[in-house]
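Colleague: This is the structure I have questions about; it appears just below.
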Amino acid sequence: TDTRATITRLVWGLVGLYAVLALISWWTTRSLRRHAADHEYRALHDPMTGLPNRELFRRVTEDALEHGRSGDRGALVLVDLDHFKEVNDTLGHHAGDELLRIVGQRLSDSLRTDDTVARLGGDEFGMVLPQGGNREETVALLTRVRRELGEEITLDGVTLTIEASFGVCFYPEDADTVEGLLQHADAAMYQGKHGPTGIVIYEPAATRPVSDALVMQRELRQALGRDELVLYYQPKIELGSGRVCGVEALVRWEHPVRGLLPPAEFLPVAERCELIEPLTTWVLRRALADYTAWTTAGHDWTVAVNVSARNLSSLLFADSVRAILQEAGVRPDRLHLEVTETALAFDSELAGQVVGALSAQGISVSIDDFGIGFTGLSQLRTLDVAELKIDRKFISGLPGNDADRAIVRSVIDLGHRLGCVVTAEGVEMQEVADWLVAAGCDHGQGYLWLRPSLWTQVARALGPVTPHAGSGRTTR
């Protein structure tokens, strides 16, 4: 009897233990699924408006194209707000953010249940209309949407009228790829900014003024696959010692007909279409491959890569950078990412989240061209950045210009108080470097030391560098 009672207690104990373990397993699985679902939602939705983001919009468009190939015609629409920059500049970023939330809500409320509206970044929105194959009905729908969008709003006591330009293209007849649809809708939207109605349907003949940009898009896409791009590097000098502490990667295009093109001639085109993301990925991979090569050769340089507003419009960007670093076998602290003030201001809330995610991985983020953009002090206070790079416009007047001296000293003091390294860009004369050393600036870049060159040329020119006591001079 005692044995039977003991066995019974053991059995019930095991049953109880099993039940507890099953409950723990169920709860853990449920929590993990909920966490995964929450992470996926945040990765595919814009945090400011709650709308689908560019990545989810792309997936919806791909699904729509699949149906289009089966005979279901529809429309893709790009919407760009007019004069949004003026709202940001005059009323502040908080008013601009509120305007974007209102626009997102109005667009959602104006469309049908099976239509999709997404925020693609900045002041650009996109719509997929699965029932938009009839041109007259689609134009009538968008006319109503634009009218409702344009109703007056009041921000900070100022009454505004929202104006927007719409670019429309139809699938599958206008294009059978997501990239093609976006290019054509973008070309039509550009025409809409100069037309009387603000709504333009893509027509090849009507959009001929932007054909050069479309040709460049096609050539740039081909250049990515043909290895026509090349990275040049400009060294960053530690002013106090004269040591090369890092290099900045600067992309160039070896165009087969036009020769070597600087980034100003093709990056704006890449920004306007879907090419900036693969272009950034290419630059990151090539820069990290070069980093491995010069590290093997004995050079202890960090590498800096410029990123765009489009890159900062997706929380997936931080995950993508982490994957590229792991693929290259490079520590995160050896990579610096540079972003302009204008890019940070383009979508301040989302950009701040992406910068925070990058910094949390150990990647240093720098504000490039500091002083000429629109970063407010309140935004700068909350951004997790490691470096301020003073724009060359303020450096070019040194050491004689009183205003430039005051501004540069103020930025150096501000940066140091925020715990940031401060770098001066565009240093071309030794007397400027000496003044910056005396002012307490940390790093310098410019033609004084070297023009942008291949990393092997940088190594030959500045490899064995020893400090010249008491100044920013270098001895080679």
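The values are calculated or read from the model by the stated rules, or taken from the named source; none is laboratory data. In this text the structure is predicted, and so the values were computed from the model without any measurement. Backbone-built Cβ (ideal geometry, glycine too); neighbour counts: all protein chains shown.
Colleague: What helices (runs of 4 or more DSSP H) completely inside region 24-122 contain at least 3 residues that are small (G, A, S)?
Modeller: Details: elements: 54-69, 84-91, 93-110.
Per the criteria, 93-110.
Conditions (1) buried (at least 16 other Cβ atoms within 10 Å of the Cβ); (2) modelled with pLDDT under 90; (3) among the small types (G, A, S), marked per residue:
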{"site": "L51", "(1), (2), (3)": "yes, no, no"}
{"site": "V87", "(1), (2), (3)": "yes, yes, no"}
{"site": "T90", "(1), (2), (3)": "no, yes, no"}
{"site": "R106", "(1), (2), (3)": "yes, no, no"}
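Colleague: Quick check on my filter: what residues within region 224-242 are among the charged types (D, E, K, R) and surrounded by 16 or more Cβ atoms within 10 Å (Cβ to Cβ)?
Modeller: Matches in region 224-242: E228, K236, E238.
Colleague: Enumerate the helices (runs of 4 or more DSSP H) found wholly within region 369-476, keeping only those where 3 or more residues are modelled with pLDDT under 90 and under 26 Å from A345 (Cβ atoms).
Modeller: Values: elements: 377-382, 392-395, 402-417, 430-439, 455-462.
Because the criterion is at least 3 residues that are modelled with pLDDT under 90 and under 26 Å from A345 (Cβ atoms), the helices (runs of 4 or more DSSP H) in region 369-476 that meet it are 377-382.
Colleague: So which residues in region 54-78 are more than 22 Å from the chain's Cα centre (by Cα) and polar (S, T, N, Q)?
Modeller: Within region 54-78, just S70 meets the criteria.
Colleague: Among the residues of region 146-175, what is the count of those that are within 18 Å of V60 (Cβ to Cβ) and free of Cβ contacts under 8 Å to residues at least 60 places away in the same chain?
Modeller: Going through region 146-175 one residue at a time, the tally reaches 2.
Colleague: Please enumerate the residues belonging to region 271-295 that are among the basic types (K, R), modelled with pLDDT of 95 or more and surrounded by 16 or more Cβ atoms within 10 Å (Cβ to Cβ). Spell out the reasoning first.
Modeller: Of all residues in region 271-295, those among the basic types (K, R) come to 272, 285-286.
Next, from what is left, pick out any that are modelled with pLDDT of 95 or more: 285-286.
Of everything in region 271-295, just one residue is among the basic types (K, R), modelled with pLDDT of 95 or more and surrounded by 16 or more Cβ atoms within 10 Å (Cβ to Cβ), namely R286.
Colleague: Taking only region 433-464 into account, find how many residues are under 22 Å from I372 (Cβ atoms), surrounded by fewer than 22 Cβ atoms within 10 Å (Cβ to Cβ) and touching a helix residue (DSSP H, G or I) at 6+ places or on another chain (Cβ under 7 Å).
Modeller: Going through region 433-464 one residue at a time, the tally reaches 3.
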